[in-house]
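Comments concern the structure below.
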Amino acid sequence: MEKDYIEIYTKAYQEEEIHHEKYIKKRVLEYHDYLTFNDNNNSLINELDTKLGENIIFDDAFSKITTIFRTSRFRKGHELKIISIKLLPEFLKIDKGNLKVSFEGYLKELARFKAEEEIQRLFCNNRGSYELMFELNDFSEFAIKGCDGGNGSVLYEKYRKLLYEPKKHNEINKLVAFDRSAKFIGLEKTNHYQIKEEYYEKFLSKEFYGYLIKDFINETKTSYSCFKDVFTEKSVNHSSEIHFFCSTILASLLLSEFKKHVFNKLVMTQIEKKHLKLNKSKPFSANNISQSKKNASESHERKVNKALLFLEEILIKPTISDNKC
């Protein structure tokens, strides 16, 4: 009896959908204990993409047949007819000495790849809801296939309200008071650095500090408390400093972009006096900031743009300020 290759493909696809969704949820929960959402999400996506690329369908022996499957277009409802019409004849042309699996085995691997690819696409599309679940540590409604969890969806709004309205705010307000400009009470407005209202909490969050110490700021010489002091307290009230380990060009470009997008006020002439130091503990100057950023490469610009994008995507849960350094 002739094998029903469409049935073989469909069964393998459906089984892998279920398995891959369970695997992703397992990894999200494992990462939850020690990573921020953005690091969690990026680590998982990188892991999944690597796994996709290691599928046997990309071996040299199968590369041509795989390309045919991925690029051919059949009418809706008839897509899988390509299996017997194009894939099987092409498979039979392959030198048997190069074959690691039968056509049925190849077909199952192809189905597995397509199922994983689709589940990962849906996982990325529903990122907004998953981030809220992550912040609440509530994965009771986590699903990928059939989930409508994009920003503005019913699921997204449900979790957004759980995180931000009104019970949550009542609990938070017992710990942290805000003035009308969204500034923490107890943190005086700085003379030289005035962060825009919409970025204030994000900029001062541990998430953003954690991002900056990867590419820009020396963590050993710049604690989180020092980072907040420099950008919130009057100069006379503290002796904290921010030390950059990155190049002058990269640090200058970062500050220039902060001035353009994140701050209402960032006085370059005051930067050179105090608080911001280059990797050799030399202070910045308004002049070297202006000159250095002109020499920025595409690599520098990409790195700074990624930092700004990360800042935009941070979800804020206000917390009590840490101890001073």
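Out of everything in the stretch 137-160 that is touching a Lys or Arg at 6+ places or on another chain (Cβ under 9 Å), within 21 Å of Tyr31 (Cα to Cα) and open to solvent by less than 60 Å² (accessible area, probe 1.4 Å), what residue ends up being modelled with the lowest pLDDT?
Within the stretch 137-160, the match that is modelled with the lowest pLDDT is Gly149.
Just the residues that are within 23 Å of Glu7 (Cβ to Cβ), surrounded by 11 or more Cβ atoms within 10 Å (Cβ to Cβ) and free of Cβ contacts under 8 Å to residues at least 24 places away in the same chain, please, taken from the stretch 43-86.
Listed by number, the residues that qualify are Ile68, Arg70, Ser72, Phe74, Glu79, Ile82, Ile85, Lys86.
Among all residue pairs at least 6 apart or on different chains, which show Cβ distances below 7 Å where the first residue, located in the stretch 115-133, is in contact (Cβ under 8 Å) with a residue 40 or more places away in the chain and β-branched (Val, Ile, Thr) and the second is in a helix (DSSP H, G or I) and open to solvent by 30 Å² or more (accessible area, probe 1.4 Å)?
So the pair list comes out as Ile119/Glu21.
Hey, can you tell me all the residues within the stretch 21-42 that are outside any helix (DSSP H, G or I) and surrounded by fewer than 15 Cβ atoms within 10 Å (Cβ to Cβ)?
Just the residues of the stretch 21-42 that are outside any helix (DSSP H, G or I), to begin with: 33-36.
If the condition is that a residue be outside any helix (DSSP H, G or I) and surrounded by fewer than 15 Cβ atoms within 10 Å (Cβ to Cβ), then Asp33, Tyr34 are the ones that fit.
So is Leu132 among the hydrophobic types (A, V, I, L, M, F, W, C), modelled with pLDDT of 85 or more, touching a Lys or Arg at 6+ places or on another chain (Cβ under 7 Å) and surrounded by 13 or more Cβ atoms within 10 Å (Cβ to Cβ) or not?
Numbers: among the hydrophobic types (A, V, I, L, M, F, W, C): yes; modelled with pLDDT of 85 or more: yes; touching a Lys or Arg at 6+ places or on another chain (Cβ under 7 Å): yes; surrounded by 13 or more Cβ atoms within 10 Å (Cβ to Cβ): yes.
Yes: the conditions hold for Leu132.
Do you know which residues across the stretch 214-231 are of a type outside the set (Ser, Thr, Tyr), buried (at least 16 other Cβ atoms within 10 Å of the Cβ) and assigned to a helix (DSSP H, G or I)?
Selection gives Cys226, Phe227, Lys228, Asp229, Val230, Phe231.
The values are calculated or read from the model by the stated rules, or taken from the named source; none is laboratory data. Bear in mind the structure is a predicted one, so any value in this text is a computation, not a measurement. Every residue, glycine among them, receives a Cβ derived from its backbone with ideal geometry; neighbour counts consider all protein chains shown. We work out accessible area using only protein heavy atoms, side chains counted, and drop any ligands, DNA or RNA first. Shrake-Rupley method; radii C 1.70, N 1.55, O 1.52, S 1.80 Å.
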